[in-house]
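A.B. asks: Encoded as structure tokens, here's the structure I'll be asking about.
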Amino acid sequence: MKVVKAIFKYLLIGTGIIIISSVVFLLAYYHLKYKKPVVASAENTSVQPVRAAATDSPLLVPVPRQLTWKQGSFHLPTQLKVQASSDDSPAIINMVKNRLPVSKSPLAATNGHLRFAKSEKLKDQGYHLSVQPAYISIEYKSLQGAFHALTTLKQLVTKDQSIPAVTIDDEPDLAVRGALIDISRGKVPKVETVYELVDLLADLKFNQLQLYVEGFSFGYPSFKQYWETTNTPLMPEEIQAIDRYCKERYIELVPNQNSLGHMQDWLKQPDLKDLAECPEGYKLLGLIEVKTTLSPTDPRSLDLVKKMSEDLLPNFSSNQFNVNLDEPFELGKSKQRPISDHRQIADLYLGYVNQLHGYVKTKDKQMMMWGDVISKTPEVISQIPKDITLLEWRYEAIQPFEEICAHYKEGGIRYMVCPGTSTWSSFTGRTDNMMANVSNAIESGIKYGAEGMLITDWGDTPHQQYLTVSFAGLTYAGALSWNYASKDDLRLSEFLSHRVFNDTSGTMGSLVLDLGRYNQFEEYPMLSMTTTNLALRLGMMDPVMLDAIGNKMQQGVIELSPFDSVTNSRVMNMFTHPKAYRSKSLLSYLSQMGEVLNHVSLDRPDSALILAEYRNAIRMIRASALLKHYNLFHLEESDEQNRTTLTEISTLCPIILSEHERVWMARNKSGGYEGSIETLKKLQSDAGKQLELLDANFVSRWGHRQLDKMIAAAAAVYLR
């Protein structure tokens with residue numbers, strides 16, 4: 001018995017020593033890692049207000065290639081007489097109804113106001129437009145060219161229904177000008193919302209649209225058991241209706257479905273989980289547990305994708321199919337067959353590509369796929385089947401397109417350049433990054449023979465940014481992909497104000513672009529997000545833990561992104577030499593932007609909704625900036641300063657949540673809404689708890705603080 005007591009005694013003593021030693025170590029490690037936040041020496045809180053844009057001449061975007069103004073104008077009658085060949089007349093009359101503001105249906109006539117004539121001298125989408133006081137003539141080679149001519153004519157119509165006399169010769173720089181809209185990972189738009197987007201794209205002379213599908217944003221009839229009670233997808237009949245709507249506007253709706261990576265929603269299903277490349281799971285960056293990639297060597301994976309495709313493809317009239325195949329993170333990471341050599345991983349990937357390509361050909365479709373895996377191993381470019389179109393995505397201003405475009409041209413590969421709107425994970429976008437990224441992509445694509453441009457607009461869970469935030473990026477990409485030479489003289493803010501948002505004050509375009517520049521007050525231009533948005537995603541957190549997570553994420557950016565060595569160096573230099581986070585300047589900037597928003601005057605059916613979206617986006621940035629300020633400075637500031645910050649957060653959150661629900665439901669289906677508010681609800685809860693803690697006694701606050709330090713230190717040790 002004495003021996004047992006002695007053993008027990010020493011075990012208790014040993015356990016106590018371990019606990020005390022651990023506490024001492026963690027607290028010491030915390031103080032070693034804690035860095036006093038850098039404060040901007042003199043924050044500039046004054047910013048230039050948005051100025052109203054002048055409109056001295058008609059606004060044309062895309063800008064025509066050649067344009068000559070003439071004397072006089074044509075006055076649009078209430079009923080247009082249309083002269084066209086008998087073969088094309090029905091289609092052209094439908095175009096006129098769609099494009100021009102006439103109150104009576106156009107009539108076919110032999111001596112019309114609008115005179116259409118085919119010309120084999122023009123390129124396929126080109127047109128010649130001549131507006132004279134007595135009539136308008138349009139020459140075209142294809143009906144798509146005639147549609148583009150009428151789109152230009154639509155932009156020329158003035159408020160008094162007159163059209164200034166002009167001669168225009170026009171054709172696009174890139175044959176394909178597409179937009180990809182993420183309808184997965186949270187936000188599935190209503191059909192009416194897609195129609196409104198298609199109308200905008202038609203006005204910008206886009207000719208392709210893809211709705212990105214992963215998981216269950218499409219209602220697969222063969223897999224109802226996976227989505228029927230939990231999701232609100234676009235249904236087959238809705239896709240068919242969207243396809244018809246697009247065709248009437250000469251836009252090709254291309255079916256899109258991820259078929260290798262990004263399959264996490266499928267691999268969560270009990271009867272499919274063993275199809276994962278890593279059935280046991282894989283820690284991405286050593287931090288995030290993922291199971292996203294199908295096993296390319298398991299024949300059941302391809303069988304699943306085929307069955308999915310059989311449900312999806314019949315709803316589209318397009319002869320193309322984007323199977324995606326991007327970011328298969330777990331390839332080569334399986335414990336059963338680990339592969340470390342990039343070339344072997346590429347071979348494994350290409351084997352699956354070829355199998356899927358064979359299937360797509362049996363459906364009489366041309367396969368499209370992302371190029372990120374191929375661009376990391378350019379020596380395999382020659383092995384890509386020549387009838388596959390590679391989609392080369394790069395979303396940062398610092399990422400060059402030129403080298404990989406040159407490789408694709410040399411290899412005889414069909415490809416498109418794919419920049420981004422830079423809206424995701426940013427609330428109101430990253431304007432300067434978007435413009436540089438789009439310009440870089442299109443310039444290289446034109447130089448090296450790309451088939452086209454596909455501007456991407458992602459959600460990145462939670463999909464919190466509102467659709468209208470993407471209008472600037474879509475407009476800029478449409479303008480440059482049609483006429484890149486117009487870049488330096490493009491009246492983007494004016495066009496956004498007067499043609500996209502119909503703002504009679506002329507300020508909305510500049511406001512939208514400037515709201516996308518709030519990241520100028522951050523530490524550095526964060527990749528694929530803003531650091532203010534990242535703060536909301538991570539939540540209220542100790543600065544030591546935040547620093548450890550930030551360092552881990554920075555390492556992951558290099559690991560996961562298709563950067564070359566020069567870009568890697570520039571990115572790491574940016575991360576290791578941050579500026580101070582200028583929260584006071586940012587908050588002042590937001591206040592001024594809010595004042596400008598109060599004075600815009602939109603004339604659209606959804607004017608009130610657009611204003612509510614932007615007001616709420618400003619609130620989200622404000623709440624996130626306050627959160628980031630609190631995370632950085634609460635250990636240095638007084639209780640009263642912290643109370644002021646937390647109180648404002650607590651006041652903002654209920655307003656944001658209420659408005660977010662209202663504007664979300666106006667444009668989108670209900671599925672995914674709850675996921676979009678998780679970070680906001682957590683912020684509201686955490687701010688409330690911290691306010692309660694400020695009212696607690698000294699002992700409770702001291703104990704809570706020591707526990708926070710130990711948790712943060714333990715996390716920092718784990719993440720090293």
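The values are calculated or read from the model by the stated rules, or taken from the named source; none is laboratory data. Since the model is a prediction, treat every value here as computed from it, not as a measurement. Neighbour counts are summed over all protein chains in view; Cβ atoms, including those assigned to glycine, are modelled from backbone coordinates with ideal geometry. Accessible surface is based on the protein model in full, side chains and every heavy atom, while ligands, DNA and RNA are left aside. Shrake-Rupley method; radii C 1.70, N 1.55, O 1.52, S 1.80 Å.
A.B. asks: Could you check how many residues of the stretch 98-109 are surrounded by 14 or more Cβ atoms within 10 Å (Cβ to Cβ) and touching a residue at least 60 places away in the same chain (Cβ under 8 Å)?
C.D. replies: Residues that pass the stated criteria total 1.
A.B. asks: Could you count how many residues in the stretch 165-198 are touching a helix residue (DSSP H, G or I) at 6+ places or on another chain (Cβ under 9 Å), of a type outside the set (Ser, Thr, Tyr), modelled with pLDDT of 95 or more and open to solvent by 30 Å² or more (accessible area, probe 1.4 Å)?
C.D. replies: Residues that pass the stated criteria total 6.
A.B. asks: Scan 96, 82, 102 and give me the residue that is closer than 27 Å to residue 172 by Cα, out of contact with any Gly (no Cβ under 9 Å at 6 or more places or on another chain) and not small (Gly, Ala, Ser).
C.D. replies: 96
A.B. asks: In the stretch 445-454, how many residues are open to solvent by 10 Å² or more (accessible area, probe 1.4 Å) and either among the hydroxyl-bearing types (Ser, Thr, Tyr) or in contact with a strand residue (DSSP E or B) (Cβ under 8 Å, 6 or more places away or on another chain) (or both)?
C.D. replies: Total satisfying the criteria: 3.
A.B. asks: Just the residues that are open to solvent by 10 Å² or more (accessible area, probe 1.4 Å) and outside any loop (DSSP other than H, G, I, E, B), please, taken from the stretch 382-397.
C.D. replies: Of everything in the stretch 382-397, those that are open to solvent by 10 Å² or more (accessible area, probe 1.4 Å) and outside any loop (DSSP other than H, G, I, E, B) turn out to be 382, 383, 393.
For every residue, the table says whether it meets (1) surrounded by 20 or more Cβ atoms within 10 Å (Cβ to Cβ); (2) over 30 Å from residue 145 (Cβ atoms).
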| site | (1), (2) |
| --- | --- |
| 251 | yes, no |
| 255 | yes, no |
| 272 | no, yes |
| 277 | yes, yes |
| 280 | no, yes |
| 283 | no, yes |
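A.B. asks: Are any residues in the stretch 438-454 within 19 Å of residue 201 (Cβ to Cβ) and without any contact (Cβ under 8 Å) to a residue 60 or more places away in the chain, and if so, which ones?
C.D. replies: Matches in the stretch 438-454: 438, 441.
A.B. asks: Additional query: Looking at 331, 348, 356, which one is open to solvent by 30 Å² or more (accessible area, probe 1.4 Å) and in contact (Cβ under 8 Å) with a residue 40 or more places away in the chain?
C.D. replies: Result of the check over 331, 348, 356: 348.
A.B. asks: Consider the stretch 257-268. How many of its residues are surrounded by 18 or more Cβ atoms within 10 Å (Cβ to Cβ) and either free of Cβ contacts under 8 Å to residues at least 24 places away in the same chain or touching a His at 6+ places or on another chain (Cβ under 7 Å) (or both)?
C.D. replies: 0
A.B. asks: Additional query: Name the strands (runs of 3 or more DSSP E) wholly inside the stretch 47-124 in which the number of residues that are closer than 30 Å to residue 473 by Cβ and modelled with pLDDT of 95 or more is 1 or more.
C.D. replies: 66-75
A.B. asks: Here is a further query. Looking only at the stretch 126-140, count every residue that is open to solvent by less than 20 Å² (accessible area, probe 1.4 Å) and polar (S, T, N, Q) and tell me the total. Don't jump to the end; show me each part of the working.
C.D. replies: Keep residues of the stretch 126-140 that are open to solvent by less than 20 Å² (accessible area, probe 1.4 Å), which gives 126-127, 129-131, 136, 138, 140.
If we keep only those that are polar (S, T, N, Q) as well, we get 130.
So the answer is 1.
A.B. asks: Only one of 535, 548 is in a helix (DSSP H, G or I), within 20 Å of the chain's Cα centre (by Cα) and in contact (Cβ under 8 Å) with a residue 40 or more places away in the chain. Can you tell me which?
C.D. replies: 535
A.B. asks: Quick check: is even one residue across the stretch 494-502 among the small types (Gly, Ala, Ser), in a helix (DSSP H, G or I), open to solvent by less than 30 Å² (accessible area, probe 1.4 Å) and within 30 Å of residue 328 (Cβ to Cβ)?
C.D. replies: Looking only at the stretch 494-502, we keep the residues that are among the small types (Gly, Ala, Ser), and these are 497.
This time we only want the ones that are in a helix (DSSP H, G or I), so: 497.
In the following step, the residues that additionally are open to solvent by less than 30 Å² (accessible area, probe 1.4 Å) were identified as 497.
From the residues that got through so far, the ones that are within 30 Å of residue 328 (Cβ to Cβ) too are none.
Within the stretch 494-502, none of the residues are among the small types (Gly, Ala, Ser), in a helix (DSSP H, G or I), open to solvent by less than 30 Å² (accessible area, probe 1.4 Å) and within 30 Å of residue 328 (Cβ to Cβ).
A.B. asks: From the list 410, 403, which one is over 30 Å from residue 304 (Cα atoms), in contact (Cβ under 8 Å) with a residue 60 or more places away in the chain and acidic (Asp, Glu)?
C.D. replies: 403
A.B. asks: Would you check which residues across the stretch 595-617 are within 25 Å of the chain's Cα centre (by Cα), closer than 30 Å to residue 641 by Cβ and open to solvent by 20 Å² or more (accessible area, probe 1.4 Å) and list them?
C.D. replies: 615
A.B. asks: Here are the criteria: (1) touching a strand residue (DSSP E or B) at 6+ places or on another chain (Cβ under 9 Å); (2) outside any loop (DSSP other than H, G, I, E, B). Tell me which single one residue 292 does not satisfy.
C.D. replies: Condition not satisfied by residue 292: (2).
A.B. asks: Here's another thing I want to ask about it. In the stretch 411-426, how many residues are open to solvent by 10 Å² or more (accessible area, probe 1.4 Å) and either within 12 Å of the chain's Cα centre (by Cα) or farther than 20 Å from residue 173 by Cα (or both)?
C.D. replies: The qualifying residues number 1.
Conditions tested, residue by residue: (1) of a type in the set (Gly, Ala, Ser); (2) more than 28 Å from residue 207 (Cα to Cα); (3) open to solvent by 50 Å² or more (accessible area, probe 1.4 Å); (4) touching a residue at least 60 places away in the same chain (Cβ under 8 Å).
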| site | (1), (2), (3), (4) |
| --- | --- |
| 62 | no, no, no, yes |
| 78 | no, yes, yes, no |
| 89 | yes, no, no, no |
| 96 | no, no, no, no |
| 114 | no, no, no, no |
| 142 | yes, no, no, no |
| 150 | no, no, no, no |
| 154 | no, no, yes, no |
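A.B. asks: Kindly indicate whether residue 643 is open to solvent by 60 Å² or more (accessible area, probe 1.4 Å), over 27 Å from residue 397 (Cα atoms), touching a residue at least 12 places away in the same chain (Cβ under 8 Å) and out of contact with any Ser or Thr (no Cβ under 7 Å at 6 or more places or on another chain).
C.D. replies: yes
A.B. asks: Checking the condition among the polar types (S, T, N, Q) and under 21 Å from residue 593 (Cβ atoms), which residue from 497, 486, 569 passes?
C.D. replies: On inspection, the qualifying residue turns out to be 497.
A.B. asks: Restricting to the stretch 233-287, give me the number of residues that are of a type in the set (Phe, Trp, Tyr), closer than 18 Å to residue 332 by Cα and assigned to a loop (DSSP other than H, G, I, E, B).
C.D. replies: Residues flagged as of a type in the set (Phe, Trp, Tyr), closer than 18 Å to residue 332 by Cα and assigned to a loop (DSSP other than H, G, I, E, B) within the stretch 233-287 amount to 0.
A.B. asks: Given the conditions (1) at pLDDT 95 or above; (2) open to solvent by less than 10 Å² (accessible area, probe 1.4 Å); (3) within 24 Å of residue 436 (Cα to Cα), report the number of the one that residue 514 does not fulfil.
C.D. replies: Evaluating residue 514 over (1) at pLDDT 95 or above; (2) open to solvent by less than 10 Å² (accessible area, probe 1.4 Å); (3) within 24 Å of residue 436 (Cα to Cα) leaves (2) as the failure.
A.B. asks: OK, next. Tally the residues that are touching a residue at least 24 places away in the same chain (Cβ under 8 Å) and open to solvent by 20 Å² or more (accessible area, probe 1.4 Å), restricting the search to the stretch 581-593.
C.D. replies: Number of matching residues: 5.
A.B. asks: Mind counting the residues in the stretch 227-242 that are open to solvent by less than 60 Å² (accessible area, probe 1.4 Å), out of contact with any Gly (no Cβ under 9 Å at 6 or more places or on another chain) and under 22 Å from residue 269 (Cα atoms)?
C.D. replies: Summing the residues that are open to solvent by less than 60 Å² (accessible area, probe 1.4 Å), out of contact with any Gly (no Cβ under 9 Å at 6 or more places or on another chain) and under 22 Å from residue 269 (Cα atoms) in the stretch 227-242 gives 0.
Residues are listed down the side, and each one gets a yes or a no for (1) polar (S, T, N, Q); (2) on the phi < 0 side of the Ramachandran plot; (3) out of contact with any Gly (no Cβ under 8 Å at 6 or more places or on another chain); (4) open to solvent by 10 Å² or more (accessible area, probe 1.4 Å):
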| residue | (1), (2), (3), (4) |
| --- | --- |
| 459 | no, yes, no, no |
| 483 | yes, yes, yes, yes |
| 489 | no, yes, yes, yes |
| 507 | yes, yes, yes, yes |
| 549 | no, yes, yes, yes |
